[in-house]
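Heads up: the structure comes next, in structure tokens.
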């Protein structure tokens, strides 16, 4: 074995000397003389049926890595009735809403407010979907971050009572709330029963009706507030007891 190693070292030295001194020989610019000699030795050994990793390493270093594949960013809607608003927040106007399973194109993200900016497939306009209503796919990590502009308007005033009525028996209550639009810009209305949110309605809606199980003689309390990008205004309330 020692004799074979000495013979291989002698062969390597001879090839290195030949690579540097033979007339007409042009050195490979990307390899040092030692690397050139090692490559020649590897080729000689392979020709003789002896396995070596030198040639394989040289070939691997010359093969470029394939480019990283990217896919179009998209957003899968996982909440039925998910709202797409005119800005990244619950007080912006509702542009449209999506059913579960809808997929839309992603444009940008507002990580601080927890919203995705998407392209609505029906209108081609952009609107904002809340993070918890959806799941991103594709190369969404590459999306730009956006910072919404400061709101210059004021919150709307208090709605006034419009036509309203109710009917109740021993088991059910049917309630119809009606109100008039307040002063200021209105993006929508929120309806509450005993402080619990019942509905988030567009700004063009000025009524709400529901039928619920009811215990005769119970007290009831409803409230409605208007909102815009600046926030929610004061509430108008209804309180009554079925006789």
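The values are calculated or read from the model by the stated rules, or taken from the named source; none is laboratory data. Everything numeric in this text was worked out from a predicted model, so none of it was measured. No Cβ is skipped: glycine too gets one built from the backbone with ideal geometry, and neighbour counts run over all protein chains shown.
Below is a table of values for the structure above.
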read-out	value
Residue count for the range 114-141, restricted to those that are without any contact (Cβ under 8 Å) to a residue 40 or more places away in the chain and either under 14 Å from residue 96 (Cα atoms) or not in a strand (DSSP E or B) (or both)	12
Residue selected from the range 159-184 under the condition part of a loop (DSSP other than H, G, I, E, B) and either modelled with pLDDT under 95 or surrounded by fewer than 16 Cβ atoms within 10 Å (Cβ to Cβ) (or both), by the criterion nearest to the chain's Cα centre (by Cα)	184
Matching residues in the range 185-194 - criterion: being outside any strand (DSSP E or B) and under 22 Å from residue 87 (Cα atoms)	185, 186, 187
Residues that are within 19 Å of residue 171 (Cβ to Cβ), touching a strand residue (DSSP E or B) at 6+ places or on another chain (Cβ under 7 Å) and in a loop (DSSP other than H, G, I, E, B), drawn from the range 195-215	214
Count of the range 202-220 residues which are buried (at least 17 other Cβ atoms within 10 Å of the Cβ) and closer than 20 Å to residue 94 by Cβ	3
Enumeration of residues in the range 218-243 that are outside any strand (DSSP E or B) and over 18 Å from residue 190 (Cβ atoms)	218, 242, 243
Subset tally (residues that are touching a residue at least 60 places away in the same chain (Cβ under 8 Å) and more than 20 Å from residue 90 (Cβ to Cβ)) for the range 142-163	4
So residue 122, is it farther than 25 Å from residue 190 by Cα and modelled with pLDDT under 95	yes
Every residue from the range 145-156 that is surrounded by 13 or more Cβ atoms within 10 Å (Cβ to Cβ), modelled with pLDDT of 90 or more and over 29 Å from residue 212 (Cβ atoms)	146, 154, 155
